[in-house]
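Engineer: Next up is a structure, given as structure tokens.
The values are calculated or read from the model by the stated rules, or taken from the named source; none is laboratory data. Predicted model, so just to flag it, every value in this text is computed and none were measured. A quick note on method: Cβ atoms are made from the backbone with ideal geometry, for glycine too, and the neighbour counts reach across all protein chains shown. Remember, those area values only see protein heavy atoms, side chains included, never the ligands or the DNA or RNA. Shrake-Rupley method; radii C 1.70, N 1.55, O 1.52, S 1.80 Å.
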Amino acid sequence: MGSSDMEERPKKLLILYATQTGNALDVAERVGREAERRGCPVHLISIDQYDPSCLAQEGTVIFVVSTTGQGDTPDPMKGFWKYLLQRNLSGQWLEGLHYAVFGLGDSGYQKFNFVAKKLDRRLLDLGATPIIQRGLGDDQHPSGYEAALDPWMISLWNMLNNINPKYFPNGPEFLIPYENFMAEPKVRIQYHDIKQVDSQFSTNSDLNQIALQIERARRVSPVKFSLDKNRPDCILKLVKNEPLTKSGSIDKEVHHFEFEFVSSAIEYEVGDVLEVLPSQNPAAIDSFILRCNLDPESFITVHPSEMENQLLDACTPIKLKTFVELTMDVASASPRRYFFEVMSIFATAEHEKERLQYFVSPEGRDDLYQYNQRERRTVLEVLEDFPSVQMPLEWLVQLVPPLKTRDFSISSSPSAHPNQVHLTVNVVSWTTPFKRSRAGLCSNWLAKLDPEQCVYVPVWFQKGSLPPPPPSLPLILIGPGTGCAPFRGFVEERAIQSLTGSTAPVMFFFGCRNEDNDFLYREFWISHSQNGGVLSEAKGGGFYVAFSRDQSQKVYVQHKIQEHSRRVWNLLREGAAVYVAGSSTKMPADVLLAFEEIISKESGLPQESAVRWLRALEKAGRYHVEAWS
């Protein structure tokens, strides 16, 4: 910074965040609060709300960015990143800019913190100066992202203070105590006289009304759902729910669901994704409302604090209980650290206050992580553990994790099932380190639904990362476990295409633990791999299964791919596309390695050339991965 910049107080410290699930926002807000506690005003905004052409005029910017999927940029960052990649930007464009990058990633993935790394490199290329080395948070660390964040922030304040002491008028060590600093909540709640509210809102339950209620609740929630996602695309009716695994299978339960369009059908393609909004347990909702001393029958509207009663802000009142049910995850998601900070201010019992203050201190960080994230404590459980805390509804609305939709790969072809959508769902349950049983909210809710009871489910349709292939494209599909879901749709579609024209070969590699317990859709695959079906070797394809636990040596899909390396290589040479779907932990990396070895072995090329060959395949849009944790 030039000396003229040093004369006046710097403008607010700009913090830009790019988040997919909310974690990067949480970190960015924490960085902002820690700066403000040191007397430094901040301007915190989502990167898609920022005009990247202004970057050169900023002076200082802090970036907090997450990496999603297989090294992908979070949706809100796509436009910003595209702008930074423009060829006409010179290496001096950001010469006056000081920046710091903190990334959120998961070292279980191959491209760990890829977005933070490439952003850091690009800013350097454009002439910007790093304040400190980039920080890389790791979800796999025993203390989560916080482990890398705390030391990174301490360095950041010290280095910022060196660049411009005016950021911290009392030095970076100075801290305003929590009690004096506690910001006002971002929202205010208005209560409405029930008589004034049209009673149809609370009683009418036709499908349109369900969609309207969801839209209303999500629109007034302070959590910004993208605008087009407030109202569900449609409401589906459940017509079939059947287990695909053996009932005695202790550690694996998978269900097949069939839904019907009730109003007009939405057009979708194979490879698309269905987002489902789950229903919460009514008993948990009642317990939360009781614990927080709320009136479930009252009608409320939620407004941003900054806005006075503006006409723009006129929204229809919604019943408090409905608002909680549809927007606040009270009994499955864990609260964030900020929740504990605010709780410490409202705790009236001294021992509870001390414990909460310890949890949010640097010394208590690991214990909080063990108590909260590792044990997957829910908001309701945390509030019950600290009975003296009475948080106002404003803070609860702001801080309780939002009720999120869950994504599932669609497992049907619309050509095969014109009025239906099918899902293949792993019913999630696990035991925490302290041996507490936990269950996934959406999958367990779905698994218990009875089609006889006339059940309606609110959904949104999305494009996934598996584009629908044309019939002339040879395919190599790898989908162990529920990773087979999208490929059931692919095979159905190709079978229908083969009735009217010629289709290219399809090889499918499936994997499961035992032939008897979790061989999902067994009859379906076998029927298509016989009698000249689309998966038959006679048609140049093939269907191969790895049963990992049916013998002493574990056999996985990558071993089966290598077993058939010659045929795989021949299909690749004919221009095949590779599609991989399933668990994100090790499988996608192991499969990629298997392809590298096959290409090297069958072509006689050295390993590094095989790596380049695969990279070219990815660039050409012929290597697709959809993985989930």
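Engineer: Look through LEU156, LEU126, LEU89 and report the one residue that is more than 20 Å from the chain's Cα centre (by Cα) and within 27 Å of PHE359 (Cβ to Cβ).
Structural biologist: Going through LEU156, LEU126, LEU89 in turn, the sole match is LEU156.
Engineer: Any residue that is under 30 Å from GLN140 (Cβ atoms) and assigned to a helix (DSSP H, G or I) - is there at least one of those in the range 549-558?
Structural biologist: Yes - at least one qualifying residue is present in the range 549-558.
Rundown of residues vs (1) over 15 Å from GLY540 (Cβ atoms); (2) at pLDDT below 95; (3) out of contact with any Pro (no Cβ under 9 Å at 6 or more places or on another chain); (4) assigned by the TED database to the domain that holds HIS528, yes/no style:
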{"residue": "GLY483", "(1), (2), (3), (4)": "yes, no, yes, yes"}
{"residue": "PRO486", "(1), (2), (3), (4)": "yes, no, yes, yes"}
{"residue": "GLY489", "(1), (2), (3), (4)": "yes, no, no, yes"}
{"residue": "GLU493", "(1), (2), (3), (4)": "yes, no, no, yes"}
{"residue": "GLY501", "(1), (2), (3), (4)": "yes, yes, no, yes"}
{"residue": "VAL506", "(1), (2), (3), (4)": "no, no, no, yes"}
{"residue": "PHE509", "(1), (2), (3), (4)": "yes, no, no, yes"}
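Engineer: How many residues are closer than 28 Å to GLU173 by Cα and either under 17 Å from the mean Cα position of the chain (by Cα) or of a type outside the set (A, V, I, L, M) (or both) if we restrict to the range 47-65?
Structural biologist: The total comes to 6.
Engineer: Would the range 523-532 turn up any residue that is β-branched (Val, Ile, Thr), surrounded by fewer than 19 Cβ atoms within 10 Å (Cβ to Cβ) and assigned by the TED database to the domain that holds LYS586?
Structural biologist: Yes - at least one qualifying residue is present in the range 523-532.
Engineer: Test TRP445 against the criterion of being touching a residue at least 40 places away in the same chain (Cβ under 8 Å) and either under 21 Å from the mean Cα position of the chain (by Cα) or part of a loop (DSSP other than H, G, I, E, B) (or both), and give yes or no.
Structural biologist: When the stated conditions are applied, TRP445 passes them.
Engineer: So, in the range 83-116, of the ones that are without any contact (Cβ under 8 Å) to a residue 60 or more places away in the chain and polar (S, T, N, Q), which residue ends up least open to solvent (accessible area, probe 1.4 Å)?
Structural biologist: ASN113
Engineer: Quick check: is even one residue across the range 196-207 modelled with pLDDT under 85, of a type in the set (Val, Ile, Thr) and open to solvent by 60 Å² or more (accessible area, probe 1.4 Å)?
Structural biologist: Scanning the range 196-207, I find at least one residue that is modelled with pLDDT under 85, of a type in the set (Val, Ile, Thr) and open to solvent by 60 Å² or more (accessible area, probe 1.4 Å), so the answer is yes.
Engineer: With SER263, SER279 as the choices, which residue is farther than 21 Å from ASN426 by Cβ, in contact (Cβ under 8 Å) with a residue 40 or more places away in the chain and polar (S, T, N, Q)?
Structural biologist: Residue meeting the stated conditions: SER263.
Engineer: Conditions: (1) touching a Ser or Thr at 6+ places or on another chain (Cβ under 8 Å); (2) touching a residue at least 60 places away in the same chain (Cβ under 8 Å). THR405 meets all but one. Number of the miss?
Structural biologist: Condition (1) is where THR405 drops out.
Engineer: In the range 476-507, how many residues are in contact with a Phe, Trp or Tyr (Cβ under 9 Å, 6 or more places away or on another chain) and buried (at least 23 other Cβ atoms within 10 Å of the Cβ)?
Structural biologist: 16
Engineer: Looking at PRO185, PRO151, can you tell me which residue is farther than 21 Å from GLY59 by Cα, under 32 Å from the mean Cα position of the chain (by Cα) and surrounded by 17 or more Cβ atoms within 10 Å (Cβ to Cβ)?
Structural biologist: It is PRO185.
Engineer: Is it true that some residue in the range 561-570 is over 24 Å from ARG494 (Cα atoms), at pLDDT below 90 and open to solvent by 30 Å² or more (accessible area, probe 1.4 Å)?
Structural biologist: No.
Engineer: In addition: Given the conditions (1) open to solvent by less than 70 Å² (accessible area, probe 1.4 Å); (2) modelled with pLDDT of 90 or more; (3) touching a Pro at 6+ places or on another chain (Cβ under 8 Å), and given that GLU574 satisfies all but one, which numbered condition is not satisfied?
Structural biologist: (1)
Engineer: Please enumerate the residues belonging to the range 429-465 that are among the β-branched types (Val, Ile, Thr), within 20 Å of HIS255 (Cβ to Cβ) and open to solvent by 60 Å² or more (accessible area, probe 1.4 Å).
Structural biologist: Those that are among the β-branched types (Val, Ile, Thr), within 20 Å of HIS255 (Cβ to Cβ) and open to solvent by 60 Å² or more (accessible area, probe 1.4 Å): none in the range 429-465.
Engineer: Okay, moving on. Restrict the check to the range 119-133 and report whether at least one residue is in contact with a Ser or Thr (Cβ under 6 Å, 6 or more places away or on another chain) and surrounded by fewer than 22 Cβ atoms within 10 Å (Cβ to Cβ).
Structural biologist: yes
Engineer: Is it the case that the range 26-43 has a residue that's free of Cβ contacts under 8 Å to residues at least 40 places away in the same chain and of a type in the set (D, E, K, R)?
Structural biologist: Among the residues of the range 26-43, not one is free of Cβ contacts under 8 Å to residues at least 40 places away in the same chain and of a type in the set (D, E, K, R), which makes the answer no.
Engineer: Which pairs have Cβ atoms under 6 Å, sit 6 or more apart or on different chains, and link a residue in the range 163-178 that is at negative phi to one that is exposed (fewer than 13 other Cβ atoms within 10 Å of the Cβ) and modelled with pLDDT under 90?
Structural biologist: LYS166/ARG9
Engineer: Looking only at the range 60-78, count how many residues are open to solvent by less than 50 Å² (accessible area, probe 1.4 Å) and out of contact with any strand residue (DSSP E or B) (no Cβ under 7 Å at 6 or more places or on another chain).
Structural biologist: Within the range 60-78, residues that are open to solvent by less than 50 Å² (accessible area, probe 1.4 Å) and out of contact with any strand residue (DSSP E or B) (no Cβ under 7 Å at 6 or more places or on another chain) number 3.
Engineer: Scanning for something within 13 Å of PHE508 (Cβ to Cβ), assigned to a helix (DSSP H, G or I), free of Cβ contacts under 8 Å to residues at least 24 places away in the same chain and not β-branched (Val, Ile, Thr), does the range 561-578 turn up at least one residue?
Structural biologist: Within the range 561-578 (the criterion being within 13 Å of PHE508 (Cβ to Cβ), assigned to a helix (DSSP H, G or I), free of Cβ contacts under 8 Å to residues at least 24 places away in the same chain and not β-branched (Val, Ile, Thr)), the answer is no, since none of the residues qualifies.
Engineer: Residues of the range 287-307 being touching a strand residue (DSSP E or B) at 6+ places or on another chain (Cβ under 9 Å), outside any loop (DSSP other than H, G, I, E, B) and either among the acidic types (Asp, Glu) or closer than 16 Å to LEU326 by Cβ (or both), which ones?
Structural biologist: Listed by number, the residues that qualify are PHE288, PHE299, ILE300, THR301, VAL302.
Engineer: A further question on this structure: Going through the range 27-59 one residue at a time, which ones are open to solvent by 30 Å² or more (accessible area, probe 1.4 Å), farther than 23 Å from ILE163 by Cα and touching a Lys or Arg at 6+ places or on another chain (Cβ under 9 Å)?
Structural biologist: ASP48
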